[in-house]
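Following: one structure in structure tokens, then a few remarks.
The values are calculated or read from the model by the stated rules, or taken from the named source; none is laboratory data. Computed from a predicted structure; not experimentally measured. Cβ placement follows ideal geometry from the backbone for every residue including glycine, while neighbour counts extend to all protein chains displayed.
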Amino acid sequence: MDSTKTIYHDSWLDRQFIGLFSRKMAQAAGVTTPLSGYAGFVALSMELARGRTAQEQRSLVGLVLRSLVPAPITWAIRTGFPPTRWVCEANAWFASKLFVWLIGPCDWVEAEITTATGATHVQRSGVHIQKCRYLEEAGCVGTCINLCKLPTQTFFTEDFGIPFTMKPNFEDLSCEMIFGQIPPALETEDIYTQPCLADRCSLSDAKAPACPKIDC
């Protein structure tokens, strides 16, 4: 694993997005932090997780996401734009451009989609995150899964009506985002038994077979 810390130079617009997301998180969780910028955003997420079960964390982040996108907009997208190949590919393109401030540099790529019937096809509805900014900063497996992967999958799949799956790679901190792919149950994924990142997380448990925060 590359231990070199990535240096970001956030633009004025990036800082506005980070500030908005941070304020929404602070309001939803009733927490504060003296830190500012992206470090403050991550610190707030850690405070949000403190003292809450995994399910409570996921639910609270879901509320934050819904507060950022008004219900009439998600309803309009869910009812007016079924998850066709074009819709999924367009969402992947926009995600690769609009969320660099949150997840770091990423590429719009092809992805293999498996349908409910087991059939597969390839479409350009994937986003390859080269090195996730949030995971690098937080350094926590459980936080990645409960505050990012699962609530984001639910938000796109249920609120927008666009099946969406995230596949974090804890070896190199990359991640695959796939629009159009129905998310699997967490218990069926390899990451369900992912150990702590002992070299990154200050609260890691080296003796635990899997990060204890994944399903606390």
Item to check | Residues that are touching a residue at least 40 places away in the same chain (Cβ under 8 Å), surrounded by 13 or more Cβ atoms within 10 Å (Cβ to Cβ) and not in a helix (DSSP H, G or I), drawn from the stretch 82-100 | outcome: PRO83
Checklist entry - In the list ILE178, ILE182, ILE191, which residue meets the criterion of being surrounded by fewer than 17 Cβ atoms within 10 Å (Cβ to Cβ) and under 22 Å from PHE155 (Cβ atoms)? => result ILE182
Next on the checklist: So if I check each of GLN123, GLN153, which one is modelled with pLDDT of 95 or more, touching a Cys at 6+ places or on another chain (Cβ under 8 Å) and surrounded by 15 or more Cβ atoms within 10 Å (Cβ to Cβ)?
Outcome noted: GLN123
Next on the checklist: If a residue must be at pLDDT below 95 and part of a helix (DSSP H, G or I), how many such residues does the stretch 27-41 contain?
Outcome noted: 3
Checklist entry - GLU187 is checked against (1) within 22 Å of VAL69 (Cβ to Cβ); (2) in a helix (DSSP H, G or I) and fails just one. What number does that condition carry? => result (1)
Item to check | Answer residue from the stretch 190-216, given it is among the acidic types (Asp, Glu) and part of a loop (DSSP other than H, G, I, E, B) and is nearest to GLU47 (Cα to Cα) among those | outcome: ASP215
Item to check | Residues (small (Gly, Ala, Ser) and over 22 Å from THR165 (Cβ atoms)) located in the stretch 184-200 | outcome: ALA198
Item to check | Out of ASP10, ASP14, ASP107, sole residue that is assigned to a helix (DSSP H, G or I) and acidic (Asp, Glu) | outcome: ASP14
Checklist outcome for this item: In the stretch 42-73, anything under 16 Å from GLN27 (Cβ atoms) and acidic (Asp, Glu) is listed as GLU47
Checklist outcome for this item: Filtering the stretch 132-150 down to residues that are closer than 19 Å to THR188 by Cβ, of a type in the set (A, V, I, L, M) and surrounded by fewer than 24 Cβ atoms within 10 Å (Cβ to Cβ) yields LEU150
Item to check | Residue ID - nearest to SER125 (Cα to Cα), chosen from residues in the stretch 178-191 that are out of contact with any Cys (no Cβ under 8 Å at 6 or more places or on another chain) and in contact (Cβ under 8 Å) with a residue 24 or more places away in the chain | outcome: ILE178
Next on the checklist: If I go through the stretch 52-80 residue by residue, how many of them are of a type in the set (A, V, I, L, M, F, W, C), touching a residue at least 40 places away in the same chain (Cβ under 8 Å) and either assigned to a loop (DSSP other than H, G, I, E, B) or in contact with a Pro (Cβ under 9 Å, 6 or more places away or on another chain) (or both)?
Outcome noted: 4
Checklist entry - So which pairs qualify, if the first residue must be in the stretch 19-34 and free of Cβ contacts under 8 Å to residues at least 40 places away in the same chain and surrounded by 17 or more Cβ atoms within 10 Å (Cβ to Cβ), the second must be of a type outside the set (D, E, K, R) and assigned to a loop (DSSP other than H, G, I, E, B), the Cβ gap must be under 7 Å, and the two must be at least 6 apart or on different chains? => result ALA26/THR32
Checklist entry - Residues in the stretch 46-69: is at least one of a type outside the set (Val, Ile, Thr), over 28 Å from SER125 (Cα atoms), exposed (fewer than 15 other Cβ atoms within 10 Å of the Cβ) and at pLDDT 95 or above? => result yes
Checklist outcome for this item: Note on the stretch 103-113: residues surrounded by fewer than 16 Cβ atoms within 10 Å (Cβ to Cβ) and more than 22 Å from VAL42 (Cα to Cα) are ASP107, VAL109, GLU110, GLU112
